[in-house]
Amino acid sequence: MRYAIYFTPRQDEPLARIAANWLGRDPFDAAARPVEAVAELSAAEVAFHTASARRYGFHATLKAPFGLAPNETEASLREALDNFAEVTSPVVIPRLVVGQIDGFFALVPEAPLAELNGFAGEVVRAFDRFRAPLTEAEIERRSPDSLKPQEFRNLCQWGYPYVFETFRFHMTLSGRVGPQESPRLRAAIDSLFADVLQRPVPVDALTLFVETEPGAPFMVLSHHALGRRPARKTA
């Protein structure tokens, strides 16, 4: 079993609903959704391009998937999330746009946002005590030879290459796409998300996801609103 601390909008928010329809799965419940054709892409093409992102659900990584440290429990993790959320203020992203990172499409901030990066770093530090150290096999699965020196140090120290200086807030929408297919996929994503991306996006909660066994889809376990409000738990 692995846990992850992500940001994702509430299930009833338009951005979350549109993303769930695009990916063909809502991580807040167990129901799969039929993938539909979008713009010039057939349903089969959408399903193919979203397959890798579908298992994780719509999210932005704050604390990457981890096994629990031996001296911690799910209950202690959820309590720590409640406590952290209670004293942490939301961050507002003025606008998300469609971007492409290492070949895959994602929603990213239109401009760098130091407050958002600082918030993400606080989450990494605050919850690292809950993370079991990576095994050698887990490190190898990250293809360490392909990482930059700072990324490799982050992987060894924090369990994930892309934290602090190398952090990039992104909400993944596809797997890697070749240059020939990229224009069609971007056009489809633009047509689907154009209206909702005109609005600011408040990062106003931490969401605890769980992978119950290797390869299982990640599901929402609890949703912890930032600020002095009680956490709204879903399971």
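Output yes when any residue across region 80-95 is touching a Leu at 6+ places or on another chain (Cβ under 9 Å), under 18 Å from MET219 (Cβ atoms), open to solvent by 20 Å² or more (accessible area, probe 1.4 Å) and touching a residue at least 60 places away in the same chain (Cβ under 8 Å), and no when none is.
No; the residues of region 80-95 include none that is touching a Leu at 6+ places or on another chain (Cβ under 9 Å), under 18 Å from MET219 (Cβ atoms), open to solvent by 20 Å² or more (accessible area, probe 1.4 Å) and touching a residue at least 60 places away in the same chain (Cβ under 8 Å).
Just a yes or no: is a residue in region 102-110 in contact with a strand residue (DSSP E or B) (Cβ under 8 Å, 6 or more places away or on another chain), within 24 Å of GLU36 (Cα to Cα) and either acidic (Asp, Glu) or surrounded by fewer than 14 Cβ atoms within 10 Å (Cβ to Cβ) (or both)?
yes
Mind checking whether some residue in region 200-216 is on the phi > 0 side of the Ramachandran plot, open to solvent by 10 Å² or more (accessible area, probe 1.4 Å) and at pLDDT 95 or above? Spell out how you get there, then give the answer.
We begin by selecting, within region 200-216, every residue on the phi > 0 side of the Ramachandran plot; these are 215.
Restricting the remaining residues to those that are open to solvent by 10 Å² or more (accessible area, probe 1.4 Å) gives 215.
Now drop any that are not at pLDDT 95 or above, which leaves none.
Scanning region 200-216, I find no residue that is on the phi > 0 side of the Ramachandran plot, open to solvent by 10 Å² or more (accessible area, probe 1.4 Å) and at pLDDT 95 or above, so the answer is no.
Given GLU36, GLU72, which one is surrounded by 15 or more Cβ atoms within 10 Å (Cβ to Cβ), over 16 Å from the mean Cα position of the chain (by Cα), of a type in the set (D, E, K, R) and assigned to a loop (DSSP other than H, G, I, E, B)?
Working: GLU36 fails: surrounded by 15 or more Cβ atoms within 10 Å (Cβ to Cβ).
So the residue among GLU36, GLU72 that is surrounded by 15 or more Cβ atoms within 10 Å (Cβ to Cβ), over 16 Å from the mean Cα position of the chain (by Cα), of a type in the set (D, E, K, R) and assigned to a loop (DSSP other than H, G, I, E, B) is GLU72.
In region 16-27, which residues are surrounded by fewer than 20 Cβ atoms within 10 Å (Cβ to Cβ) and not small (Gly, Ala, Ser)?
ARG17, ILE18, ASN21
Take ASP195 and decide whether it is surrounded by fewer than 17 Cβ atoms within 10 Å (Cβ to Cβ) and either under 17 Å from the mean Cα position of the chain (by Cα) or acidic (Asp, Glu) (or both). Before you say what the answer is, go through the steps one by one.
Numbers: surrounded by fewer than 17 Cβ atoms within 10 Å (Cβ to Cβ): yes; either under 17 Å from the mean Cα position of the chain (by Cα) or acidic (Asp, Glu) (or both): yes.
Yes.
Counting only residues that are under 22 Å from the mean Cα position of the chain (by Cα) and either assigned to a strand (DSSP E or B) or within 22 Å of LEU96 (Cα to Cα) (or both), how many does region 39-69 have? First the steps, then the outcome.
Here is the first cut: in region 39-69, the residues under 22 Å from the mean Cα position of the chain (by Cα) are 46-69.
The next check asks that each one be either assigned to a strand (DSSP E or B) or within 22 Å of LEU96 (Cα to Cα) (or both); those that pass are 46, 49-50, 52-54, 56-66, 68.
So the count comes out to 18.
Give region 39-69 a look and list any residue that's within 27 Å of VAL124 (Cα to Cα), open to solvent by 50 Å² or more (accessible area, probe 1.4 Å) and of a type in the set (Phe, Trp, Tyr), or say none.
TYR56 - this is the single residue of region 39-69 that is within 27 Å of VAL124 (Cα to Cα), open to solvent by 50 Å² or more (accessible area, probe 1.4 Å) and of a type in the set (Phe, Trp, Tyr).
Where residues in region 217-235 are at pLDDT below 65 and not in a loop (DSSP other than H, G, I, E, B), which of them is surrounded by the fewest Cβ atoms within 10 Å (Cβ to Cβ)?
Taking region 217-235 and keeping what is at pLDDT below 65, we get 228-235.
Right, trim to not in a loop (DSSP other than H, G, I, E, B) and you get 232-233.
Values: ARG232: 11, LYS233: 13.
Ranking the qualifying residues of region 217-235, first place goes to ARG232.
Does LEU134 fit the bill of being over 18 Å from the mean Cα position of the chain (by Cα) and either open to solvent by 20 Å² or more (accessible area, probe 1.4 Å) or closer than 24 Å to LEU113 by Cα (or both)? Lay out the reasoning, then the answer.
Numbers: over 18 Å from the mean Cα position of the chain (by Cα): yes; either open to solvent by 20 Å² or more (accessible area, probe 1.4 Å) or closer than 24 Å to LEU113 by Cα (or both): yes.
So LEU134 fits the description; yes.
Can you tell me which of (1) without any contact (Cβ under 8 Å) to a residue 12 or more places away in the chain; (2) more than 29 Å from GLU74 (Cα to Cα); (3) of a type in the set (A, V, I, L, M) is the one ILE18 doesn't meet?
If we test ILE18 against (1) without any contact (Cβ under 8 Å) to a residue 12 or more places away in the chain; (2) more than 29 Å from GLU74 (Cα to Cα); (3) of a type in the set (A, V, I, L, M), just (1) comes out false.
Out of ARG125, ARG142, ARG168, report the one residue that is among the charged types (D, E, K, R), more than 26 Å from PHE84 (Cα to Cα), under 19 Å from the mean Cα position of the chain (by Cα) and surrounded by fewer than 20 Cβ atoms within 10 Å (Cβ to Cβ). Break it down into steps so the answer makes sense when it comes.
Details: ARG125 fails: more than 26 Å from PHE84 (Cα to Cα); ARG168 fails: more than 26 Å from PHE84 (Cα to Cα).
Every option except ARG142 fails the conditions.
Tell me whether region 181-192 contains one or more residues that are over 16 Å from ALA53 (Cβ atoms), outside any helix (DSSP H, G or I) and at pLDDT below 95. It would help to see each step written out before you state the result.
Going through region 181-192, the residues over 16 Å from ALA53 (Cβ atoms) turn out to be 183-184, 187, 190-191.
When the remaining residues are screened for being outside any helix (DSSP H, G or I), the result is none.
The answer is no; no qualifying residue exists.
The values are calculated or read from the model by the stated rules, or taken from the named source; none is laboratory data. The model shown is predicted, which means the values in this text are computed figures rather than measured ones. Counting neighbours? That spans all protein chains shown, and the Cβs are built from the backbone with ideal geometry, glycine included. Protein only, heavy atoms only, side chains kept; ligands, DNA and RNA dropped before computing areas. Shrake-Rupley method; radii C 1.70, N 1.55, O 1.52, S 1.80 Å.
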